[in-house]
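Enquirer: If you scroll down you'll find the structure; I have some questions about it.
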Amino acid sequence: MTRVRLIAVPVVAALVLGAILLLATGTDPLAAYGAILSGAFGPDGIGDTLAYAVPVAGMATALAIPLRAGMVNLGGEGQLVLGAISALAVGLYVPGPGLVKVVLALLAGTLAGAAYAALAAVCENRLGVPLLISTLLLSYPAMSLAGYLVRFPVKDAGSSLPQSPQLPEGARLPELDGVTTGIFLVVAVIAVYAVIDARTPAGFETKVTGWAPRFAIYAGIDRPKLTVRLLAVSGGTAGLVGAIAVLGFPYRFIDGALITPQYTWIGLLAALLAGASPLGTLLAAVFFAALTSGGFAMERATQVPRELTAVLQAVLIIFLAATSGVFKRKARRA
């Protein structure tokens, strides 16, 4: 019940504050929110919402996995980009049948992200570099490397943009009504995460570490090994999302295309809002994807800038932090 309140209070508070802002501009809040809903889930907008929800839900799940144990992975962007560029290299240069190349590209992206995230865990375990710092700072070399590759050795010779050539026909993920079939991979990852979280000793160890780190140590849980394992799974998931993105439309790597939409940071917000629970993280990711895609429809229908949806997200963060602290204090008093 506390978890439901923890999610409901900031969402309702953000919507109320958004309504006040809309009233201040002379706009009917019901009309604006109705435009967001119709734009996000109507026949003309559901495809865009699902297309945006795939990477957001994938990154939200990637970041929720270590967050369940109280570990924050801020290096999702680097792992995402490294997974994408690794999948691109396999798709462009590895010979073989189309289906084999797609599978190998997905595996390459997953392994690249996993290895890079595990490196951050090793930095904490062996060198004493806090995970927040190691994951965040390791993102920049990965993004810079990807930017260099698509500007020089892997640049599309027929374009002035920093982008790679398109993948061959056989090395692409098919689409269903404009949505990549990678959506099934993301749903499968979330389902596996849910089963492990609820039904296995590994999931229990992760949750215990998040609930009471000291008790976990006394109970014999090896935190350094757990950190490496969780970060590897987190980075692997992020790398898989990057691979799915580059194997889908426009079937190439474009410098900045995976960073500008802020999949990682919106995914982190979704994971925080849901308390890193598998199903809650998925629902929160769809919620934020709907806010983003529905914001364009709201702007067209009411002339209210779509940046209002970014304001709602920022307010959600503030109220989430505030309500989390209030409920924790009440729990300690009880």
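Enquirer: Taking the options LEU176, LEU167, LEU149, name whichever one is within 17 Å of TYR251 (Cβ to Cβ) and under 22 Å from the mean Cα position of the chain (by Cα).
Expert: Numbers: LEU167 fails: under 22 Å from the mean Cα position of the chain (by Cα); LEU149 fails: under 22 Å from the mean Cα position of the chain (by Cα).
Exactly one of LEU176, LEU167, LEU149 is within 17 Å of TYR251 (Cβ to Cβ) and under 22 Å from the mean Cα position of the chain (by Cα), namely LEU176.
Enquirer: Okay, moving on. If you go through region 171-201, how many residues are open to solvent by 40 Å² or more (accessible area, probe 1.4 Å) and not aliphatic (A, V, I, L, M)?
Expert: Result for region 171-201: 9.
Enquirer: Hey, another quick one. Kindly check whether there is at least one residue in region 91-99 that is open to solvent by less than 10 Å² (accessible area, probe 1.4 Å) and at pLDDT 95 or above. First the steps, then the outcome.
Expert: If we filter region 91-99 for residues that are open to solvent by less than 10 Å² (accessible area, probe 1.4 Å), which is where we start, we get 91.
Subset that is at pLDDT 95 or above: 91.
Looking for residues that are open to solvent by less than 10 Å² (accessible area, probe 1.4 Å) and at pLDDT 95 or above, one finds at least one in region 91-99, hence yes.
Enquirer: Considering each residue of region 33-77, count those that are touching a residue at least 40 places away in the same chain (Cβ under 8 Å), of a type in the set (A, V, I, L, M), open to solvent by 20 Å² or more (accessible area, probe 1.4 Å) and in a helix (DSSP H, G or I), and give that number.
Expert: Adding up the residues that qualify gives 4.
Enquirer: Now a separate question. Pairs under 7 Å by beta carbon, first residue closer than 21 Å to ALA117 by Cα in region 209-225, partner open to solvent by 70 Å² or more (accessible area, probe 1.4 Å) and part of a helix (DSSP H, G or I), six or more apart or different chains?
Expert: Note: pairs meeting the criteria are THR209/ARG223; ARG223/ILE217.
Enquirer: Here's another thing I want to ask about it. Taking ALA40, is it among the hydrophobic types (A, V, I, L, M, F, W, C) and at pLDDT below 90? Step through it out loud before you land on a result.
Expert: Details: among the hydrophobic types (A, V, I, L, M, F, W, C): yes; at pLDDT below 90: no.
When the stated conditions are applied, ALA40 does not pass them.
Enquirer: Could we say that TYR148 is buried (at least 19 other Cβ atoms within 10 Å of the Cβ), aromatic (Phe, Trp, Tyr) and modelled with pLDDT of 95 or more here? Talk me through it step by step, then tell me what you get.
Expert: Working: buried (at least 19 other Cβ atoms within 10 Å of the Cβ): no; aromatic (Phe, Trp, Tyr): yes; modelled with pLDDT of 95 or more: yes.
No, not satisfied.
Enquirer: If you take just the helices (runs of 4 or more DSSP H) that sit entirely in region 192-296, which of them hold at least 3 residues that are under 18 Å from the mean Cα position of the chain (by Cα)? Don't jump to the end; show me each part of the working.
Expert: Values: elements: 201-211, 213-218, 223-247, 263-273.
Qualifying helices (runs of 4 or more DSSP H): 223-247, 263-273.
Enquirer: Using beta carbons and a limit of 8 Å, which pairs, at least six apart or on different chains, have the first residue in region 78-92 and closer than 15 Å to LEU167 by Cα and the second one in a helix (DSSP H, G or I) and of a type in the set (Lys, Arg)?
Expert: VAL90/LYS101; GLY91/LYS101
Enquirer: Follow-up. Any idea how many residues of region 111-170 are farther than 21 Å from THR260 by Cα, in contact with a Lys or Arg (Cβ under 9 Å, 6 or more places away or on another chain) and not small (Gly, Ala, Ser)?
Expert: Number satisfying all stated conditions: 3.
Enquirer: Let me ask something additional. Looking at VAL16, VAL81, VAL102, which one is open to solvent by 30 Å² or more (accessible area, probe 1.4 Å) and either assigned to a helix (DSSP H, G or I) or modelled with pLDDT under 90 (or both)? Break it down stepwise before answering.
Expert: Details: VAL81 fails: open to solvent by 30 Å² or more (accessible area, probe 1.4 Å); VAL102 fails: open to solvent by 30 Å² or more (accessible area, probe 1.4 Å).
Result of the check over VAL16, VAL81, VAL102: VAL16.
Enquirer: Hey, any hits in region 255-276 for a residue that's in contact with a strand residue (DSSP E or B) (Cβ under 9 Å, 6 or more places away or on another chain) and open to solvent by 10 Å² or more (accessible area, probe 1.4 Å)?
Expert: There is at least one residue in region 255-276 that is in contact with a strand residue (DSSP E or B) (Cβ under 9 Å, 6 or more places away or on another chain) and open to solvent by 10 Å² or more (accessible area, probe 1.4 Å).
The values are calculated or read from the model by the stated rules, or taken from the named source; none is laboratory data. Because the structure is a prediction, the values reported are computed rather than measured. Here Cβ is always computed from backbone atoms with ideal geometry, including for glycine, and neighbour counts include all displayed protein chains. Surface areas here come from the heavy atoms of the whole protein model, side chains and all, with no ligands, DNA or RNA. Shrake-Rupley method; radii C 1.70, N 1.55, O 1.52, S 1.80 Å.
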